[in-house]
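Throughout, read-outs are computed from the coordinates displayed, never taken from laboratory work. Every value quoted in this text rests on a predicted model; they were computed, and no experiment measured them. Neighbour counts run over all protein chains shown; Cβ positions are idealised from the backbone, glycine included.
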Amino acid sequence: MIGRILKILKALNSNEAPWQISLGLLFGALLGLTPLLSLHNLAVLFLALLINLNISMMLVSLAVFSLIAYALDPLFHQIGLTLLTSPELKDFWTPFFSCPVFLLANLNNTLVLGSLVSTLAVSVPLFFVVNVLVVKYRSAYNAVIGRFPLLKFLKVLETYEKLS
Amino acid sequence: MKTSARIFRIQGIVVFVVVAGFIAAFLILLLDSILKDSVENQGTRILRAQVDVNSLATSLMSQSIDIGNLEVANADLLNENLLEAGRIKFDFDLGRAFSKKIIIEDMRLEGLRFNQQRKTPAQPYRPPEEGKSEPQKIEKETPLSGFGFAQALKFKSPGDILKEEKLETLESIDKARNEIESLKSNWQTRMDQQLNPDVLKQMQQRIQNLKAQGKNLKDPAAIQAFTAEIQAVRREIQSHLDTIHNFQKNLEKDIRKAGDLAVEMKGLPQKDFARLRKKYSLDLKGGAGFAGKMVSGPLKTKIDKGWRLYQQISPYLKSRSPSEPDPAPPERGKGQFIKFPAAQRSPDFLIRKAGLSLNIQGQEIDGNFSDLTDDPQSHGKPFLLNLTGGKSERFNGLKFHLSLDRTRPQARDSLKAEVKSLNIPPIPFGSGIALTQGRADIQAHIHILDEQNLDGTLDIHVQNALFTSSEKKNDEVQRLLGKVLGSVQGFYLKVRFKGTPAATTLDIQSDLDQILAQSVRKVFDEKAREFEGELKRAVTASTKLPLSETSGWTAGLTPHRKELNSQESAYQELLKQATEKVLLNKVPGADTILKQFKLPF
């Protein structure tokens with residue numbers, strides 16, 4: 001885990017685009033907050049491997065959000081129950097669940113639906129917030145490096161080592 | 001800082017395929033053991049008894065599952081297996097399984113055995129959380145428990161009978177006594193309140209006063225006031241008389257009622273005696289009869305056992321409302337599944353047809369069942385089970401047809417069974433008498449409506465019967481019965497049962513009663529008479545004292561009758577006195593005044 005965290009720190013200070021780090025965090029949140037052995041997580045895993053996001057960030061995020069998920073279980077169940085039993089949505093769910101894939105994905109389970117909907121709802125704003133935070137972190141980091149000639153030298157040395 | 005990066009990494013797909021492949025391979029390799037554990041755990045949870053599976057093999061290609069040696073332990077007898085299945089093989093629809101529907105088109109169950117001894121005792125079932133509920137204890141039933149001429153022949157002691165039985169006489173006397181006491185107390189209150197003797201005295205005093213007053217009247221105005229007073233007094237007397245007449249009428253009614261009750265009570269000991277005689281005496285003319293005594297106990301036990309089994313199965317055959325949410329609170333981290341009605345409603349579980357091969361007490365029986373489903377209403381077909389057995393050592397033929405129809409709101413279930421020439425195992429009836437051989441033709445028709453109302457018949461014809469008995473010199477009836485039964489070669493039993501799970505009544509008829517009645521009546525009747533005499537004496541002795549008090553019931557009300565009569569004559573007398581002729585003396589001009597103020601009497 002420490003190795004993973006160091007990798008994240010490295011990634012934060014590397015040339016990786018902020019969206020890669022943000023997306024890693026979001027995918028980890030999706031995997032961690034929703035029940036892991038669900039069909040939709042197979043799709044998430046596929047996308048995570050296909051899209052060039054930061055895997056280390058995703059794995060650490062998965063571990064952290066799995067812990068948070070346990071605390072949020074009752075809330076997710078309540079959200080799922082509200083959505084699935086809402087009379088206004090009954091006309092939507094009935095044809096929706098006629099499709100076997102959604103039933104197989106356990107989307108008619110209060111916890112699965114509640115956690116998935118909640119995570120997806122917060123993921124879009126979270127993506128942009130994390131993006132901004134990464135950019136801010138990097139500019140702050142560069143400012144610190146610029147103030148200390150020794151750190152600047154080490155950074156140049158590290159770049160040189162990579163290139164050579 | 002330059003932060004441009006490729007969006008996709010193609011090598012990720014390769015990694016995904018490898019990872020997914022590993023997961024799939026892992027699942028496929030472990031699928032059998034996962035399913036086996038699942039069958040064992042879920043089966044144990046649902047049946048509340050240990051379920052063991054020896055082997056389970058799935059074939060995704062042919063979409064079939066093969067289960068070897070399934071054992072379901074008896075929760076009440078841990079050394080015994082309630083059910084054993086040598087092999088269960090079925091095909092399933094993988095496509096429908098994605099919709100979480102288990103549809104089995106064809107199934108084969110081989111080597112089904114019941115009540116077999118286990119090699120190792122089963123573990124008692126412990127519910128995951130509750131663990132507190134005591135398992136329902138079921139009476140251990142011996143194959144012939146309840147049968148017995150010995151019990152049938154023994155007359156119970158009248159003293160013991162009266163300890164166990166409630167006599168209607170005593171209960172009715174208690175009830176009637178309370179009623180009479182309440183009547184008496186009501187009458188006392190009414191008499192005290194409305195016909196108080198003090199009122200009569202006051203009335204007499206008023207008339208005396210009027211008499212005294214009437215002697216000195218001269219003034220026409222005073223005479224007029226006087227006559228008005230007489231009128232008022234007469235009205236009051238008349239009102240009292242009306243009340244008395246009314247009371248007399250009601251009192252006579254109540255006295256008659258008390259008399260009737262007393263008469264009714266006197267007839268009750270006879271009724272009690274007749275009831276107890278029918279229940280405990282073996283009078284073949286009117287009692288329960290030998291055959292009834294012999295079979296009613298064990299039949300009742302079997303019927304009760306059948307009801308229990310039926311009620312255990314029933315919940316699994318009922319349709320669930322498709323939109324009904326699971327009422328149980330979800331376990332943390334598991335959530336709750338909500339069901340939605342499909343565009344076309346169909347069962348979640350269905351076995352369309354299945355072939356069976358059973359082994360019951362060493363006899364091979366073949367059969368089949370069809371349309372076993374969790375939602376018979378949407379499926380539209382009832383569950384049918386047919387069993388057929390060919391000629392064997394035990395019987396010449398067996399047919400069994402069960403139909404559980406839950407396709408309509410009102411459940412209609414029926415069972416037809418026919419056994420031809422069943423080889424009867426030795427049946428000991430106690431005290432040395434036993435049916436050692438015989439062949440029975442058995443036919444049963446049972447209908448259950450709405451899971452509550454049972455109506456059925458059972459016909460048993462026994463042929464080639466052989467009764468044996470070890471003679472007992474000191475018991476004449478026993479000896480005679482043994483002799484008579486020894487000559488019996490065939491008999492029939494006709495049982496009609498009706499009722500609900502709470503109360504099932506049996507009506508048993510048999511020619512065995514007539515055979516026995518003709519043969520042993522003389523000796524037997526003497527014994528029965530002796531018993532009945534004792535029973536009658538015991539009933540009379542128990543009811544004598546309470547009955548003696550019934551004669552006083554009317555006597556408790558008659559003093560009121562006397563009082564009413566006495567008051568009636570007193571008021572009549574007062575009414576005669578309260579007239580102007582008696583009270584008003586002759587005064588000059590009084591006639592003219594009276595003519596002017598003519599009174600209405």
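Sequence-distant or interchain residues sharing an amide H contact under 5 Å with B:Met107, placed H: which?
Residues meeting the amide H criterion: B:Lys353, B:Ala354, B:Gly355.
Evaluate the distance, in nm, between pseudo-label points positioned 7 Å from the Cα of A:Leu72 and of B:Leu47 along their respective Cα→Cβ axes.
Calculated label separation equals 4.3 nm.
Do any trypsin sites (Lys or Arg not before Pro) in the range B:212-275 lie in a loop, going by DSSP, with at most 14 other beta-carbon atoms within 10 Å of their beta carbon, and if so which? Don't skip to the answer; put the middle values down first.
Working: sites: B:Lys215, B:Lys218, B:Arg234, B:Arg235, B:Lys249, B:Lys253, B:Arg256, B:Lys257, B:Lys266, B:Lys271, B:Arg275; in loops: B:Lys215, B:Lys218.
Those that pass, being in a loop and sparsely packed, are B:Lys215, B:Lys218.
With θ set to phi - 60°, apply the Karplus curve 6.51 cos²θ - 1.76 cosθ + 1.60 along the range B:389-404 and write out the HN-Hα couplings as whole Hz, x wherever there is a Gly or Pro.
Coupling constants for the range B:389-404: x, x, 5, 8, 5, 7, 8, 8, x, 9, 9, 9, 10, 10, 10, 10 Hz.
Where in the range B:44-60 does the label zone of B:Ile28 land, with the point 7 angstrom along Cα→C-beta and an amide N cut-off under 14 Å?
Within reach of a label on B:Ile28: B:58-60.
Top mean-square fluctuation among A:Thr119, A:Thr34, A:Thr82, Gaussian network model of chain A, C-alpha springs under 10 Å?
Result: A:Thr82 has the largest fluctuation of those listed.
Mean shadow of the range A:65-132, computed from the convex hull of its alpha carbons, in nm²?
Values: hull surface 22.0 nm².
Projected over every direction and averaged, the Cα hull of the range A:65-132 covers 5.5 nm².
Pairs of Cα atoms under 8 Å, at least six residues apart: use those to get the relative contact order of the range B:331-435, whole percent.
Numbers: 188 pairs, mean separation 17.7, N = 105.
Computed over the range B:331-435, the figure is 17 percent.
Once you keep just the Cα pairs under 8 angstrom separated by 6 or more residues, what percentage relative contact order results for chain A? Display every interim value, and only then the final one.
Numbers: 159 pairs, mean separation 45.7, N = 164.
Over chain A, the number comes to 28 percent.
Using alpha carbon centroids, what distance separates the range B:220-256 and the range A:10-45, in Å?
So the two Cα centres are separated by 107 Å.
Note the full-extension length gain between B:Lys353 and B:Lys278 as 0.36 nm times their separation in residues minus their Cα-Cα distance, in nm to one decimal. Mind showing how you got there, number by number?
Details: separation 75, 0.36 × 75 = 27.00 nm, distance 5.08 nm.
Gain in length upon complete extension: 21.9 nm.
For the range B:19-69 and the range B:355-411, what is the separation of their Cα centres, given in Å?
27 Å
Hey, what did the range B:359-398 get for relative contact order, percent, Cα under 8 Å, at least 6 apart?
Values: 44 pairs, mean separation 15.0, N = 40.
Once normalised by length, the contact order is 38 percent.
Taking the simple approach of a point 7 Å from Cα along Cα-to-Cβ for both A:Phe92 and B:Asp219, what is their distance in nm?
10.5 nm
Based solely on C-alpha atoms, express the radius of gyration and the Dmax of the range B:24-120 in angstrom.
Cα only, the range B:24-120: 14.4, 42 Å (Rg, Dmax).
My understanding is that a pair violates if its Cα-Cα distance is over 26 Å; which of B:Lys278/B:Lys302; B:Lys339/B:Lys381; B:Lys100/B:Lys399; B:Lys353/B:Lys494 do that in this structure? Please report the intermediate quantities before stating the final value.
Numbers: B:Lys278/B:Lys302 24 Å; B:Lys339/B:Lys381 23 Å; B:Lys100/B:Lys399 36 Å; B:Lys353/B:Lys494 35 Å.
The answer is B:Lys100/B:Lys399; B:Lys353/B:Lys494.
Want the number for B:Glu171 to B:Lys381: 0.36 nm per residue separation, take away the alpha-carbon distance, what's left?
Working: separation 210, 0.36 × 210 = 75.60 nm, distance 5.32 nm.
Working it through step by step, the gained length comes to 70.3 nm.
Summing +1 for each Lys or Arg and -1 for each Asp or Glu, what net charge is found among the other residues whose Cβ lies under 14 Å from the Cβ of B:Ile46? Intermediate values should be presented prior to the final figure.
Numbers: positive: B:Arg45, B:Arg48; negative: B:Glu40, B:Asp374.
Result for the local shell: 0.
Quick one: P(r) of the range A:24-157 from all Cα-Cα pairs, 10 Å bins, percents rounded to integers, in order of increasing distance.
12, 32, 27, 16, 8, 5, 1
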